[in-house]
Amino acid sequence: EPEVTQTPSHQVTQMGQEVILRCVPISNHLYFYWYRQILGQKVEFLVSFYNNEISEKSEIFDDQFSVERPDGSNFTLKIRSTKLEDSAMYFCASSSRTGNTEAFFGQGTRLTVV
Amino acid sequence: DQQVKQNSPSLSVQEGRISILNCDYTNSMFDYFLWYKKYPAEGPTFLISISSIKDKNEDGRFTVFLNKSAKHLSLHIVPSQPGDSAVYFCAARRSGTYKYIFGTGTRLKVLA
């Protein structure tokens, strides 16, 4: 069964450093998303991406964040200068279309900023 | 921004019995609702969804009910199995947007 894969599973970084979280969405999907879940809190939307551009973003997704689809398979989330409060599980998701359809999530990357 | 609420943080049910998980929302513009299951250290797994034009959708042991006037949806699992023990999230989306808004989750424990 096709799945969304994310690497690494766990990333520890020093405050102020840049991190790149990587995702390989399901191959025939066109819509890509990043969500995050801070420990003990709900899953929060960060950004959606379609046709090589951001289609929607939340207030959380400020200038420190960027997304890219550098080739035909990878989808990345970059945090330029990490803060302690960026520590969270980051989930990548993809869907085949917009409209009434579900998104499929990866297993997540646990980011720990120290 | 509590647009989607799951007021029960946890629920315990005996194996074989019905599990009922509830979700309330405040935004009448939501038109698509989903339930996801999540195990520790894994991503959310899609379970079942419902469009706002329906009031019920069934898939095997899982049934989702939508009451638009009450802005309430529920997930019924019958019969419950120990493998159903997980955190269940409801999510909602408004037409014309891309984002799903998640509730805070309900931890279901099915007792053998």
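Under 8 Å for C-alpha pairs, at least 6 residues apart: give me the relative contact order for region B:16-112, rounded to a whole percent.
Dividing the mean separation by the residue count of region B:16-112 yields 32 percent.
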query: Counting other Cβ atoms within 10 Å of each Cβ, which chymotrypsin sites (Phe, Trp or Tyr not before Pro) in region B:8-45 have at most 16 and sit in a DSSP loop?
result: none
statement: Buried accessible area between B and A, both sides, 1.4 Å probe, in Å² rounded to 100, is 1900
message: Only protein chains counted, 1.4 angstrom probe. Which residues of region A:65-106 are at least 20 Å² less accessible in the assembly than when their chain is isolated?
response: A:91, A:98, A:99, A:100, A:101, A:102, A:103, A:105
task: Give, ordered by residue number, each residue of region B:8-34 whose 1.4 Å probe accessible area is reduced by a minimum of 50 Å² on adding the remaining protein chains to the chain alone.
output: B:32
- line: Ranking A:48, A:103, A:60 by how far each Cα lies towards the positive end of the charge dipole of region A:45-105 (+1 on Lys and Arg Cβ, -1 on Asp and Glu Cβ), the top one is A:103
field: Other protein chain Cβ atoms within 10 Å, averaged over every residue that makes up B:93-101
entry: 6
message: Between residue A:10 and residue A:62, how high is the FRET efficiency from 1/(1 + (r/R0)^6) when r is the Cβ-Cβ distance and R₀ = 22 Å? Nearest 0.05.
response: 0.35
- request: First compute the accessible area of region B:17-87 with a 1.4 Å probe, then give the percent of it belonging to carbon and sulfur atoms.
  value: 52
task: Looking at chain A, send over the antiparallel percent of its DSSP beta bridges, to the nearest 5.
output: 90
- prompt: What does the charge dipole of the protein assembly as shown about its Cα centre add up to, to the nearest 20 debye, if the Cβ of each Lys and Arg holds +1 and the Cβ of each Asp and Glu holds -1?
  reply: 460
message: At 1.4 Å probe size, with the rest of the protein present, what percent of the exposed accessible area of region A:56-99 is carbon and sulfur atoms?
response: 45
message: Distances longer than 27 Å among the Cα atoms of the protein assembly as shown: what percent of all pairs is that?
response: 33
message: Could you give each residue of region B:60-66 its phi-based ³J(HN,Hα) in whole Hz, using Karplus coefficients 6.51, -1.76, 1.60 with θ = phi - 60°, and x for Gly or Pro?
response: x, 7, 10, 10, 10, 10, 10
task: Could you state the accessible area per residue of region A:46-112 in Å², with a 1.4 Å probe and every protein chain left in place?
output: 45
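Excluding the sites themselves, what is the longest stretch of chain A that contains no trypsin sites (Lys or Arg not before Pro) in a DSSP loop with at most 14 other C-beta atoms within 10 Å?
Maximal segment without exposed cleavage sites: A:1-79.
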- prompt: In angstroms, what radius of gyration and Dmax does chain A have, counting Cα atoms only?
  reply: 13.2, 40
- request: Averaging sequence separations of C-alpha pairs under 8 Å and six or more residues apart, then dividing by the length of region B:1-63, give the relative contact order as a whole percent.
  value: 23
statement: Rounded to one decimal in Å, the inverse mean reciprocal Cα-Cα distance for region B:1-71, i.e. its Kirkwood radius, is 13.7
- line: When the charge dipole of the protein assembly as shown is computed with +1 on Lys and Arg Cβ and -1 on Asp and Glu Cβ about the Cα centre, the Cα farthest towards its positive end, among B:46, A:72, B:79, belongs to B:79
field: Å² of accessible area per residue within region B:5-65, as computed with a 1.4 Å probe and no ligands counted
entry: 53
- line: Mean separation of Cα contacts under 8 Å (at least 6 apart) over the residue count of chain A, i.e. the relative contact order in percent, is 38
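The values are calculated or read from the model by the stated rules, or taken from the named source; none is laboratory data. Just so it is clear, the structure is predicted and the values come from calculations on it, not from any experiment. Glycine gets a Cβ as well: all are built from the backbone with ideal geometry, and neighbour counts include every protein chain shown. Only protein heavy atoms, including side chains, enter the accessible area calculation; ligands, DNA and RNA are left aside. Shrake-Rupley method; radii C 1.70, N 1.55, O 1.52, S 1.80 Å.
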